[in-house]
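The values are calculated or read from the model by the stated rules, or taken from the named source; none is laboratory data. Here the structure is a predicted model, which is why all the values come from computation and not from measurement. Cβ sites come from the backbone with ideal geometry, for glycine too, and all protein chains shown count toward neighbours.
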Amino acid sequence: MSLEAFSDEALLALVARGEEAALQQLFRRYAGAFLALARRMGLDSATQEDVVQEAFSKIWKNAREFDPRRASARAWLLAVAHHTTVDQIRRLEARPKPLEPEDEESAEAFDLPGVGLDEEGLLNRIRLRKAMSHLSHEEREVVEVLFYQGYAHQEAAHKLGIPLGTLKTRARRALSRLKEELHEA
């Protein structure tokens, strides 16, 4: 039976029941995005592959924790990949490269699986770039340090030289504005 037509949510439900074929289908859909995320966060190619393997291992073990009422399957899967990458960076005590102007390779971090991969990914990158341009310099800086560079809140506050409360306020305000901008788009 082919699982290609199954939604990500359905595949996660099957993974929670121990269906390896469902995990393989999720791997085919998301491995590229996970690799691109790890690359964007500054990991070398061998470590990127380790992160992808570890992320899918966590998905296999924790699929029962997925709650479709709290997040989409895609968001949950990408969050697992992001947290796994951040954990790896911390283990290596490495600091990722600062965010540089987007090139074609780094742009892949925003490609999403599914039909029209390139077109949808490109549209999402354009929408996100436009939404980011509406943020103040301080808000954009906080988003870059927290979400692109993978720093924890305390580390980001220290890196930016601002109080933790200020960082959290800017992050909350920036995410709210991004949500509004992306919703309007």
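Regarding Leu122, is this residue in a helix (DSSP H, G or I) and at pLDDT 80 or above? Considered against the rule, which asks whether it is in a helix (DSSP H, G or I) and at pLDDT 80 or above, Leu122 comes out as no.
Any residue at all in the range 18-38 that is more than 25 Å from Leu146 (Cβ to Cβ) and not in a helix (DSSP H, G or I)? Yes; the residues of the range 18-38 include at least one that is more than 25 Å from Leu146 (Cβ to Cβ) and not in a helix (DSSP H, G or I).
Looking at Gln154, Gln88, which is the one that is at pLDDT 80 or above, under 17 Å from Ala36 (Cβ atoms) and out of contact with any Pro (no Cβ under 9 Å at 6 or more places or on another chain)? Unique residue meeting the criteria: Gln88. Of the residues in the range 47-63, not one is aromatic (Phe, Trp, Tyr) and in contact (Cβ under 8 Å) with a residue 60 or more places away in the chain. Flag: Ala63 matches the condition of being surrounded by 18 or more Cβ atoms within 10 Å (Cβ to Cβ) and not acidic (Asp, Glu). Those residues that are charged (D, E, K, R) and assigned to a helix (DSSP H, G or I), I need them from the range 1-17; list them, please. Within the range 1-17, Asp8, Glu9 meet the criteria. I'd like the residue in the range 29-58 that is β-branched (Val, Ile, Thr) and touching a helix residue (DSSP H, G or I) at 6+ places or on another chain (Cβ under 6 Å) and, out of all such residues, is farthest from Val86 (Cα to Cα). Here the residue is Val52. The requirement of being assigned to a helix (DSSP H, G or I), out of contact with any strand residue (DSSP E or B) (no Cβ under 6 Å at 6 or more places or on another chain), at pLDDT below 90 and not hydroxyl-bearing (Ser, Thr, Tyr) is satisfied by Phe147. Each residue in the range 52-89 was checked for being of a type outside the set (Ser, Thr, Tyr), more than 13 Å from the chain's Cα centre (by Cα) and in a helix (DSSP H, G or I), and 14 pass.
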